[in-house]
1. Are any residues in the stretch 75-90 touching a helix residue (DSSP H, G or I) at 6+ places or on another chain (Cβ under 6 Å) and open to solvent by 50 Å² or more (accessible area, probe 1.4 Å), and if so, which ones?
2. Could you tell me whether Pro49 is open to solvent by 50 Å² or more (accessible area, probe 1.4 Å) and at pLDDT 95 or above?
3. What residue, of Lys98, Lys74, is free of Cβ contacts under 8 Å to residues at least 60 places away in the same chain and not aliphatic (A, V, I, L, M)?
4. Just one of (1) away from the ligand (no atom under 15 Å from the Cβ); (2) closer than 18 Å to Ala217 by Cβ trips up Lys116, so point out which.
5. In the stretch 11-28, which residue that is open to solvent by 40 Å² or more (accessible area, probe 1.4 Å) and out of contact with any His (no Cβ under 9 Å at 6 or more places or on another chain) is nearest to Phe160 (Cα to Cα)?
6. Keeping to the stretch 199-225, report how many residues are open to solvent by less than 10 Å² (accessible area, probe 1.4 Å) and within 16 Å of the ligand (Cβ to nearest atom).
7. Looking only at the stretch 234-289, how many residues end up being within 16 Å of the ligand (Cβ to nearest atom) and among the acidic types (Asp, Glu)?
8. Considering only residues that are outside any loop (DSSP other than H, G, I, E, B) and not β-branched (Val, Ile, Thr), look in the stretch 211-236 and name the one that is farthest from Ile144 (Cα to Cα).
Amino acid sequence: MNIFVDSQMNEDARRRELYRGSIFVHSFSASALKFCRLAQDLIEEAFHPLDPLRVHETLPAEKCAEILAVLKPKFIHHPQSKEYIKGMLREAGCDLDKTYFDVPRMRTAFPGDYLKSGIAYAFHPHRDTWYSAPFCQINWWMPIYDLNSENCMALHPHYFDRAIKNGSSQYNYQKWNLESRFNAARHVQTDTRVQPHAEEPIELDPQIRLVCPVGGAYVFSAAQLHSTVPNTSKITRYSIDFRTVHLDDVLGRVGARNVDSACTGTTMGDYLRGTDFSHLPEQAIALYQDGSRPEYVVSSVAPAPPVKASFRQ
Ligand SMILES: [Fe+2]
């Protein structure tokens, strides 16, 4: 596999590389930096007067979960969030007319066992394609504050082409949204919601921990196995992630190879066009609907209906 840093490759070639397992690192983008500043402001306002990187030292976990339950949706729906993503995509050379993105999530990874479930879920090794993401989905991940190798996210690229026995056949995105997603804040110490896990021992090493500066981002295929690094640093990690798909690849069913995903449903209804935030054409979404939840309806009205929790993988 390859890791491209500040590559000037055109975006069609870049997507082909991503679908083969490559990773792209963008070291700086003006819009990404503004996006991080927005997130910092919201975080600092929410936890005031505490230092948000050290809230775990004094704040009860239940109280922290309550604050996050307000903070995270506020970030997702902030009117500037979509504009900054649009700016990031433009600065990365994406064709905004054909690039669609989903609303951004804010993630937290607290040190030790402070808060690892529900609203601050610590992600076990998974592929997003176990969670009904299409194989052309591309993940963008960026730190909000300075990151270190003990509180970041890890990729396990040796599994990119290697099947893992997993529980994805039990997962349906539409069903998850209806039944489980909105309860994230209730799961403070344990999380009883059924999610796809590996069902065989996983070799986490070798793993790649990319540590980019604030204003940077790394980009990888939804088919990459990735996980939350157990936070052994003394500080909380806050990060942003969002996902994109390109219309040509959606229509052409181009993407990474499916080695082991058996979920049903699709996240295709979530993505919004870079220009006007409209949904993908219904005929494009229809290509990915498998009839597993016939009541699933895609709104034809832009902008998208709000997502009420920040739990998508
Ligand atoms: Fe993920």
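1. Gln80
2. So Pro49 passes the test.
3. Result: Lys74 is the single residue among Lys98, Lys74 that is free of Cβ contacts under 8 Å to residues at least 60 places away in the same chain and not aliphatic (A, V, I, L, M).
4. (2)
5. Arg20
6. Final tally of qualifying residues: 9.
7. Result for the stretch 234-289: 3.
8. Checked the stretch 211-236; the qualifying residue farthest from Ile144 (Cα to Cα) is Ser221.
The values are calculated or read from the model by the stated rules, or taken from the named source; none is laboratory data. Computed from a prediction, not measured in an experiment: that's the story for all the values here. Here the Cβ is made from the backbone with ideal geometry for all residues, glycine too, and neighbour counts use every protein chain on show. Side chains are part of the model used for accessible areas, which takes the heavy atoms of the whole protein and leaves out ligands, DNA and RNA. Shrake-Rupley method; radii C 1.70, N 1.55, O 1.52, S 1.80 Å.
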